[in-house]
Amino acid sequence: MPGDARIVLPPGARTVLQAPDAVTRALAATVPDREGRWLLRRPRAVRRSFVEHVIDRGAGSEAQRRWMLEQDDDVRYSYVDDVLERAPEPDREAIWLLCQKDRVRASFVAEVLDGGD
């Protein structure tokens, strides 16, 4: 699941993430890492949400995890299929969590990420 490290974007990357779908899909073919390709292939609204909720909030691991856990089924399942399950050593815990129903994921956010507050 996203969140292992703070994201550091190269110059211009924030603008690219908000570019039209045709632009980002073409760029995705040149990106070496699965996670980057996955994000660039998402619809513009998803990429904009990522910029707003992750990048603009410091790009830390908690923001990344929270963002992914709050996404709809299509976004989460595509991340599982395209990124996590294709990893040399798939993160089974992350796969399990991302495939849970809304209330389970919301509970994880409240109890783990927010510390039960």
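Name the single residue, out of those in the range 88-116 being closer than 20 Å to Val54 by Cβ and either of a type in the set (Gly, Ala, Ser) or touching a Phe, Trp or Tyr at 6+ places or on another chain (Cβ under 6 Å) (or both), that is modelled with the lowest pLDDT.
Ranking the candidates gives Gly115 first.
What's the number of the only condition in (1) within 20 Å of Arg6 (Cα to Cα); (2) in contact (Cβ under 8 Å) with a residue 60 or more places away in the chain; (3) of a type in the set (A, V, I, L, M) that Leu97 fails to meet?
(1)
Just to be sure, is Glu62 touching a residue at least 24 places away in the same chain (Cβ under 8 Å), under 19 Å from Asp102 (Cα atoms) and acidic (Asp, Glu)?
yes
Checking Asp4 against (1) exposed (fewer than 13 other Cβ atoms within 10 Å of the Cβ); (2) part of a helix (DSSP H, G or I); (3) at pLDDT below 90, only one condition comes out false. Which one?
(2)
Determine whether Gln64 is of a type in the set (S, T, N, Q), closer than 24 Å to Val112 by Cα and modelled with pLDDT of 95 or more.
In short, no.
How many residues are surrounded by fewer than 14 Cβ atoms within 10 Å (Cβ to Cβ) and in contact (Cβ under 8 Å) with a residue 24 or more places away in the chain if we restrict to the range 7-41?
Residues meeting the conditions: 4.
Could you list, in sequence order, the residues of the range 13-37 that are closer than 20 Å to Glu85 by Cβ, in a helix (DSSP H, G or I) and of a type outside the set (A, V, I, L, M, F, W, C)?
Listed by number, the residues that qualify are Arg34, Glu35, Gly36, Arg37.
The values are calculated or read from the model by the stated rules, or taken from the named source; none is laboratory data. Values in this document were obtained by computation on a predicted structure and should not be read as measured data. Reconstructed Cβ throughout: ideal geometry from the backbone, glycine too, with neighbour counts over all protein chains shown.
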